[in-house]
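Beneath this line is the structure, given in structure tokens, with notes to follow.
A short reminder: the numbers here are calculations on the coordinates, not readings from a lab. No experiment lies behind these values; they were computed from the predicted model shown. Using ideal geometry, Cβ is built from the backbone for each residue, glycine included, and neighbour counts are taken over all protein chains shown.
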Amino acid sequence: MKTILMAYRGTEQDKRILRWLCRYAKQKRAELKLVYVLTVGFGHEVDTPEPPGVKEAEQALLEGEHIAQEEGVIVSADLVQSREAGTGLVEEAEVVEADLLVMTDTRQLILDDNPLGTGTVAYVTQNAPCPVWVCYEPLRNGNR
């Protein structure tokens, strides 16, 4: 494994997974890359220089780089602008020739649910050029 790409938005869940992923990347001697896909609405061109949310995205990536440094890993981070998050992730995985794409999902799954759903997770798992790991939060309070 050479390149691990993590879809990173700076959530608490992302931060926990990033810490674990840093240790995994060191063990595998893999390069770790973070990508923040900023979805750009139709009111702006996709490649507009300062779309809404760009400052927050850049700040999240800086925090991710800092977490990786604390774990002893040097990461590269990219901000990708796209109309859809799934498309942006798949395209970035192709560009960096990722061997693994890691992403988090905030849905609280019920065991009978389709874990892929119909949105970004489903699109990425069906179209990514590499294996995809989707990380979910554990169920709380014994709820299904």
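Calculate, in nm to one decimal, what Q59 and E97 gain on full extension: separation in residues at 0.36 nm each, minus their alpha carbon distance.
11.2 nm
In whole Hz and in residue order, list the ³J(HN,Hα) couplings for region 73-89 that follow from phi through the Karplus curve 6.51 cos²θ - 1.76 cosθ + 1.60, θ = phi - 60°; x for Gly and Pro.
10, 8, 10, 10, 10, 10, 9, 10, 9, 8, 6, 10, 4, x, 4, x, 5
Within the chain, what's the longest stretch lacking GluC sites (Glu not before Pro) that sit in DSSP loops with no more than 11 other Cβ atoms inside 10 Å?
The longest such stretch corresponds to 46-96.
Straight distance only, please: which lysines reach the Cα of K28 with their own Cα at less than 17 Å, same-chain residues fewer than 8 apart left out?
Cα-Cα hits under 17 Å: K2.
Would you tally the net charge around A57, using a Cβ to Cβ cut-off of less than 12 Å, leaving A57 out, and scoring K and R as +1, D and E as -1?
Here the count lands on -3.
Please list the non-local residues whose amide H lies under 5 Å from the amide H of Q81, H modeled 1.01 Å from N, same-chain partners needing a gap of 5 or more.
The answer is L38.
For the chain, what number results from the quotient of the Cα radius of gyration and 2.2 N^0.38 Å?
So the Cα radius of gyration is 1.05 times the expected 2.2 N^0.38 Å.
Determine the calculated [θ] at 222 nm for the chain from helices alone, applying -39500 (n - 2.57) to every DSSP H run no shorter than 4 residues and normalising by the residue count; nearest 500 deg cm²/dmol.
-11500 deg cm²/dmol
I need the calculated FRET efficiency for the pair T48 and Q13, taking r as the beta carbon distance and R₀ as 35 Å, to the nearest 0.05.
0.75
Over the chain, what is the relative contact order in percent, taking alpha-carbon pairs closer than 8 angstrom and at least six residues apart?
Rounded, it is 29 percent for the chain.
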